[in-house]
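Just below is one structure, and these are the notes that go with it.
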Amino acid sequence: MRLSEATRASLPGDVAQPGYARREQARGIVHLGIGAFHRAHQAVYTDDAMAAGDRDWAITGVSLRSRQVHEQLAPQDGLYTVATRDADGERLRLIGAVREVLVAPDAPDAVAAALVAPATRIVTLTVTEKGYHRLPGGGIDTASVAAASGTIYHYLSQAVRDRLAAGAGPMTLVSCDNMTDNGHVLRNGVVALLDGAARDWFERDWACPSTMVDRIVPATTAADLDGIAARLGQRDEGAVVTEPFRQWVIEDRFATDRPRWDVGGAQFVADVRPYETAKLRMLNGAHSALAYLGLGAGHDYVHQAIADPVVRPIVERLMRDEAAASLDAAPGQDLRGYADALLARFANPSLAHRLAQIASDGSQKVGPRWLEALTINRARGVDRTATLTALAGWLRHLRGQAGPISDPMADELAALWRANDARGMVDALFGAEGKFAARWQADEAERAMLVELVERT
Ligand code: CS2
């Protein structure tokens, strides 16, 4: 038996169910990039708001490439389970906020129709860093966007033109990806594809708040699905597995009304930057260090790498002494306590978070996670050994001895490694003319240290 509206009445009593009439909820949100993260994060906050009485924020989920999410959720009327796991066990909750899933390449007209519908006021996005088409040094790769079709910027700029023509109101576009100033990045990319009246209207009346999102969501495995089916007594092909913790800090700058996401604990703040940079450099920075150093040490999972007596001290130092020192904390922001909490989350043994998942797309991740901190800490005279050790781990990972690299720049980076020794590779990426020089240009001592660390093993 497959989970659906028709079968949910027979779910066991210990599975929490949506406390509202799903069919009475009209759609108000389009989400671009409906993968596991969205299902375990924004959709849960929206579900909380609807359970608290909010109306008409049901989500149309759009998958920009893969058909898999449609196959998972369409036969289930959009219903799926969130399994939260920690040392105390696993709790199951059915989420009802997603109404429909569209696969953009198969149904571009339906996506455009959802985006122009007057009742749609908010678009949220989780398309991963590479979905923003940025150059390694930052800035939007306008040439690659112009040559492409079906990017987020194409859908959203078309939505601006369509809504202007239709007299539908402006929208709020909420980027939920791991980038510094994600709202600005999104705004700049949409503006680049607009001109004339549509551009003026977008710049004047639409809003792109920046946000910090946080929840660890490993890719769901076949064993996860089997285990959840055993508890539900029905198959749920759309289930996601996550930790109990979740956090969402949102810049309080909306062009429209919005769900009461704060009912589920989201914070609306004047300035997200202190939270966003702390999360990127401490959590994500530590994650990427665990990935490259952990894989190099033969581990598969985050909880194994954080227990490794060689890896752990480097990661702790990266977080506590280097990332934290690069931040401008908000009043009352407790970075030591934050680091303690992160270490406890990484150690959660029931999550099975694969290092390989985090290791992917490094070219998109090292900028906000490490390079910005390296630049700031050099200026502040802060020691950078742990961050450089992590960066050397990435360069070794890119040499690819452990297998193929998953990265939009994989071919280019592999070609650089074939043509260069360690010194040449460091120069090609972080020298004066290096690909990442706009984010961080290594000085002579840093280059020597990186080369030594790359060559050490
Ligand atoms: C991870 C993130 O895969 C990665 O790069 O660092 O997905 C991380 O798990 C989330 O940002 C946690 O909020």
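With the condition kept exactly as written, say whether any residue in region 224-234 is touching a residue at least 40 places away in the same chain (Cβ under 8 Å), within 15 Å of ASN284 (Cβ to Cβ) and either among the hydrophobic types (A, V, I, L, M, F, W, C) or outside the structural domain of LYS365 (by TED's automatic domain parsing) (or both). No.
Please specify each residue of region 433-452 satisfying the condition of being outside any loop (DSSP other than H, G, I, E, B) and more than 29 Å from the chain's Cα centre (by Cα). Show your work before the answer.
Just the residues of region 433-452 that are outside any loop (DSSP other than H, G, I, E, B), to begin with: 444-452.
GLU444, ALA445, GLU446, ARG447, ALA448, MET449, VAL451, GLU452, listed by residue number.
If you go through region 125-134 one residue at a time, do you hit one that is of a type in the set (S, T, N, Q) and touching a helix residue (DSSP H, G or I) at 6+ places or on another chain (Cβ under 7 Å)? Taking every residue of region 125-134 in turn, at least one turns out to be of a type in the set (S, T, N, Q) and touching a helix residue (DSSP H, G or I) at 6+ places or on another chain (Cβ under 7 Å).
Candidates GLY137, GLY196: the one that is modelled with pLDDT under 95 and farther than 30 Å from LEU232 by Cα is GLY137.
Which one is farthest from the ligand (Cβ to nearest atom), of the residues in region 208-222 that are among the hydrophobic types (A, V, I, L, M, F, W, C) and surrounded by fewer than 19 Cβ atoms within 10 Å (Cβ to Cβ)?
At the first step, the residues of region 208-222 found to be among the hydrophobic types (A, V, I, L, M, F, W, C) are 208, 212-213, 216-217, 219, 222.
Filter once more, keeping what is surrounded by fewer than 19 Cβ atoms within 10 Å (Cβ to Cβ): 219, 222.
Values: ALA219: 10, ALA222: 20 Å.
By that ranking, first place goes to ALA222.
For residues that are of a type in the set (Gly, Ala, Ser) and in a helix (DSSP H, G or I), scanning just region 328-356, find the one that is farthest from the ligand (Cβ to nearest atom). For region 328-356, the residue satisfying everything is GLY337. From the list THR385, THR375, the lone residue that is farther than 26 Å from ASP181 by Cα and of a type in the set (S, T, N, Q) is THR385. The residues listed here are GLY298, GLY285, GLY294; of these, the one that is surrounded by fewer than 17 Cβ atoms within 10 Å (Cβ to Cβ) and either in the same structural domain as ARG369 (by TED's automatic domain parsing) or farther than 22 Å from ALA219 by Cβ (or both) is GLY298. Filtered by the rule that a residue be more than 24 Å from LEU335 (Cβ to Cβ) and either free of Cβ contacts under 8 Å to residues at least 40 places away in the same chain or among the basic types (Lys, Arg) (or both), region 235-261 gives ARG235, ARG253, ARG258, ARG260. On inspection, LEU388 qualifies as away from the ligand (no atom under 16 Å from the Cβ) and part of a helix (DSSP H, G or I).
crowded, with 22+ Cβ neighbours inside 10 Å, more than 20 Å from the chain's Cα centre (by Cα) and free of Cβ contacts under 8 Å to residues at least 24 places away in the same chain: which single residue out of GLY13, GLY78 fits that description?
On the way: GLY13 fails: crowded, with 22+ Cβ neighbours inside 10 Å.
Unique residue meeting the criteria: GLY78.
Checked against (1) touching a residue at least 12 places away in the same chain (Cβ under 8 Å); (2) more than 16 Å from the ligand (Cβ to nearest atom); (3) assigned to a helix (DSSP H, G or I), ALA415 meets all criteria but (1). Here is a list: ASP177, ASP200. Which entry is of a type in the set (Asp, Glu) and under 23 Å from SER66 (Cα atoms)? Answer to the check: ASP177. For region 375-386, check the following and say yes or no: at least one residue is touching a residue at least 40 places away in the same chain (Cβ under 8 Å), of a type in the set (Asp, Glu) and touching a Leu at 6+ places or on another chain (Cβ under 9 Å). No, region 375-386 contains no residue that is touching a residue at least 40 places away in the same chain (Cβ under 8 Å), of a type in the set (Asp, Glu) and touching a Leu at 6+ places or on another chain (Cβ under 9 Å).
Does GLU243 satisfy being under 17 Å from ARG93 (Cα atoms), in contact with an Asp or Glu (Cβ under 8 Å, 6 or more places away or on another chain) and either away from the ligand (no atom under 16 Å from the Cβ) or among the hydrophobic types (A, V, I, L, M, F, W, C) (or both)?
Criteria not met by GLU243.
Would you confirm, using the coordinates I've provided, whether TYR338 is hydroxyl-bearing (Ser, Thr, Tyr), over 28 Å from SER406 (Cβ atoms), modelled with pLDDT of 95 or more and crowded, with 17+ Cβ neighbours inside 10 Å? Can you show your working first?
Working: hydroxyl-bearing (Ser, Thr, Tyr): yes; over 28 Å from SER406 (Cβ atoms): yes; modelled with pLDDT of 95 or more: yes; crowded, with 17+ Cβ neighbours inside 10 Å: yes.
Here the answer is yes, as TYR338 does meet what is asked.
Assigned by TED's automatic domain parsing to the domain that holds ALA114, closer than 19 Å to ARG121 by Cβ, free of Cβ contacts under 8 Å to residues at least 60 places away in the same chain and not hydroxyl-bearing (Ser, Thr, Tyr): which single residue out of ARG65, ARG55, ARG27, ARG23 fits that description? Walk me through it before giving the result.
Values: ARG65 fails: closer than 19 Å to ARG121 by Cβ; ARG27 fails: free of Cβ contacts under 8 Å to residues at least 60 places away in the same chain; ARG23 fails: closer than 19 Å to ARG121 by Cβ.
From the options ARG65, ARG55, ARG27, ARG23, the qualifying one is ARG55.
Residue check: ASP106 meets all listed conditions (1) surrounded by fewer than 19 Cβ atoms within 10 Å (Cβ to Cβ); (2) over 19 Å from GLY78 (Cβ atoms); (3) among the charged types (D, E, K, R) but one, namely (2).
Scanning region 344-388 for residues that are over 20 Å from the mean Cα position of the chain (by Cα), of a type in the set (Val, Ile, Thr) and surrounded by 21 or more Cβ atoms within 10 Å (Cβ to Cβ) yields a total of 1.
Given the structure, is ALA359 away from the ligand (no atom under 16 Å from the Cβ) and either in contact with a Pro (Cβ under 8 Å, 6 or more places away or on another chain) or among the small types (Gly, Ala, Ser) (or both)? I'd like the intermediate steps shown before the answer.
Working: away from the ligand (no atom under 16 Å from the Cβ): no; either in contact with a Pro (Cβ under 8 Å, 6 or more places away or on another chain) or among the small types (Gly, Ala, Ser) (or both): yes.
It is false that ALA359 is away from the ligand (no atom under 16 Å from the Cβ) and either in contact with a Pro (Cβ under 8 Å, 6 or more places away or on another chain) or among the small types (Gly, Ala, Ser) (or both).
The condition of being more than 15 Å from the ligand (Cβ to nearest atom) and in a strand (DSSP E or B) holds for VAL174.
More than 14 Å from the ligand (Cβ to nearest atom) and crowded, with 24+ Cβ neighbours inside 10 Å: is that true of PRO274 in this structure? In short, no.
The values are calculated or read from the model by the stated rules, or taken from the named source; none is laboratory data. Keep in mind that what you see is a predicted model, and the values were worked out from it rather than measured. Cβ: placed from backbone, ideal geometry, glycine included. Neighbour counts: every protein chain shown.
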